[in-house]
Amino acid sequence: MGSSGMRSIRVGAALAVGGTLLLATACGSSSPKGGGTPAPVPPGGGKGGAASSPSPTASSAVLDLEPKDGTQDAAPTALKVGVANGKLTQVTVTDKSGAAVQGSISADGTDWVPATALSVSDTYQVKASATDDKGVATTASSSFTTLTPSKISRSQDNVVTGSTYGVGMIVSVDFGMPIKNQKAAEAGITFEASDGQQVKGHWMGNQRLDLRPQTFWKPGTTVKVHFRLKNVEVSPGVYGNSDRDESFTIGRSQVSTVDAAKHTMTVQTDGQPDQSIPISSGSDEHPTYNGTMVIEAKEGTAHMTSASVPGLKPGEYDLQVPHSARLTDSGTYVHGNNWSSHDTFGSENVSHGCIGLEDDPGNQGGPNTPAAKFYDSSLVGDVVKVVNSKGAQVAPDNGLSGWNMDWSAW
């Protein structure tokens, strides 16, 4: 090959090398010596690096809200908020009026439960937040409606708010139907006593709940009773339907002891000397119950008839009886007796099971007789104890006779 051919090849190689060098210089500097157009700097900076930004990270915490969003006819006890793989940080629950529902997060942070059952026939909004072990947060919300009860029970009791009762007062609640969830129903009735006494309940069958302290109330005690049964399922599909507050005061102490064998009643009243009253209690054929009873009603003049005593022959009666204070549901009273002679009282037992005190003739009795004075001094809730009778022990559910049960059995 000639020299001119060799020179042509070398020039081409030099141009190729020069092009390569110029390209390297242009890529390596934004301001190359000798001019040229600066290369654009990529977003995010860096020496020749490409742009970089972190990807969003999903929380591994998983929230579980019960009832589910959109649920209808939820039970008032159905609300619960939980989280898996994390801990709850905040839970807010409001009813349809915007009022907040109180509740608490568990110690381990995995659950939240309301302090009380929700209201029936209401709508609730739930908002919850949680974080996983890396601090990444997640949220969830739901809305649901609680059921409207199709069946309700009553909760009728023997308390009149503002009244004063004796130291033996027992609060008795009649539900009017068999109660299946007795613990839930009982938990819906709470007491506040000014002397701090604990009050417990005992079921007398499956419809009636009696509540009392361990010992007789202290005179002067104020008692508040809180019924919160409206949202309590007392039996399957049946709700209590009553939220109310009641209160009463315990008056002076008056405890009367009837000695059937001695035909006397000794009345012990705070601050006064004991009073002994001649009485006539139940005959041998119809003896008075033994045990501790409580005046459950003051009935004034009561209509008493032997028709309520099956098989009573002879000895039928139909009387208007003055100054009648009821002790048992079965018909035991302390009452005025205005048909027996004066000598009967303190010496004979002639009644059909009641405790008779001397009274004057007439349906109303007299105003100053032993019967009238005892009746006027008595309160519902006063204690009447009977000893030395030939009768049986009074049953705890016969009237307000629950004091005959030991506290351990109550």
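The values are calculated or read from the model by the stated rules, or taken from the named source; none is laboratory data. On a predicted model such as this, the values are computed, not experimentally measured, just so you know. Reconstructed Cβ throughout: ideal geometry from the backbone, glycine too, with neighbour counts over all protein chains shown.
For the range 103-158, a residue qualifies if it is in a loop (DSSP other than H, G, I, E, B) and closer than 30 Å to residue 400 by Cα, and the qualifying residues are 153, 154, 155, 158. Residue 231 meets all of the listed conditions (1) closer than 20 Å to residue 296 by Cα; (2) in contact (Cβ under 8 Å) with a residue 60 or more places away in the chain; (3) polar (S, T, N, Q) but one, namely (1). Is it the case that the range 120-131 has a residue that's without any contact (Cβ under 8 Å) to a residue 24 or more places away in the chain, surrounded by 15 or more Cβ atoms within 10 Å (Cβ to Cβ) and not assigned by TED's automatic domain parsing to the domain that holds residue 209? No, there is no match, as no residue in the range 120-131 is without any contact (Cβ under 8 Å) to a residue 24 or more places away in the chain, surrounded by 15 or more Cβ atoms within 10 Å (Cβ to Cβ) and not assigned by TED's automatic domain parsing to the domain that holds residue 209.
When 139, 215, 190 are checked against the criterion of being in the same structural domain as residue 95 (by TED's automatic domain parsing) and modelled with pLDDT of 95 or more, 139 stands alone in meeting it. For the range 210-250, the set of residues classified as part of a strand (DSSP E or B), among the small types (Gly, Ala, Ser) and crowded, with 17+ Cβ neighbours inside 10 Å consists of 235 only. Every test in (1) more than 13 Å from residue 297 (Cα to Cα); (2) of a type outside the set (Gly, Ala, Ser); (3) touching a helix residue (DSSP H, G or I) at 6+ places or on another chain (Cβ under 8 Å) is passed by residue 363 save one, and that test is (3). Considering each residue of the range 326-335 in turn, none proves to be more than 21 Å from residue 389 (Cα to Cα) and without any contact (Cβ under 8 Å) to a residue 40 or more places away in the chain. Within the range 66-78, residues that are on the phi > 0 side of the Ramachandran plot and assigned by TED's automatic domain parsing to the domain that holds residue 101 sit with their Cβ atoms under 6 Å from residues that are at pLDDT 95 or above and not β-branched (Val, Ile, Thr), at 6+ positions apart or across chains, in these pairs: 73/147. Within the range 277-284, not a single residue is assigned to a strand (DSSP E or B), at pLDDT 95 or above and over 16 Å from residue 333 (Cα atoms).
For residue 261, all conditions in the list (1) without any contact (Cβ under 8 Å) to a residue 12 or more places away in the chain; (2) in the same structural domain as residue 336 (by TED's automatic domain parsing); (3) assigned to a loop (DSSP other than H, G, I, E, B) hold save one; what is the number of the exception? So residue 261 meets the others, but not (1). Is it the case, given these coordinates, that residue 175 is surrounded by 15 or more Cβ atoms within 10 Å (Cβ to Cβ), of a type in the set (Phe, Trp, Tyr), over 23 Å from residue 78 (Cβ atoms) and touching a residue at least 12 places away in the same chain (Cβ under 8 Å)? In short, yes. Selection of the range 188-206 for residues being farther than 15 Å from residue 246 by Cβ and aliphatic (A, V, I, L, M) yields only 204.
Screening 253, 283 for residues that are surrounded by 15 or more Cβ atoms within 10 Å (Cβ to Cβ) and over 26 Å from residue 216 (Cα atoms) leaves exactly one candidate, 283.
Among the residues of the range 318-333, those identified as farther than 15 Å from residue 398 by Cβ, hydrophobic (A, V, I, L, M, F, W, C) and at pLDDT 95 or above are 321, 325.
Being in contact with a Gly (Cβ under 8 Å, 6 or more places away or on another chain) and acidic (Asp, Glu), is that true of even one residue in the range 108-115? Yes, there is a match, as at least one residue in the range 108-115 is in contact with a Gly (Cβ under 8 Å, 6 or more places away or on another chain) and acidic (Asp, Glu). Would you say residue 227 is over 30 Å from residue 378 (Cβ atoms) and in contact with an Asp or Glu (Cβ under 8 Å, 6 or more places away or on another chain)? The answer is no for residue 227. Every condition in (1) over 18 Å from residue 78 (Cα atoms); (2) assigned by TED's automatic domain parsing to the domain that holds residue 90 is met by residue 157 except one, and the failing one is (2). Residues that are surrounded by fewer than 16 Cβ atoms within 10 Å (Cβ to Cβ) number at least 2 in the following strands (runs of 3 or more DSSP E) confined to the range 313-394: 318-326.
Of all residues in the range 132-143, those being crowded, with 19+ Cβ neighbours inside 10 Å and touching an Asp or Glu at 6+ places or on another chain (Cβ under 7 Å) number 1.
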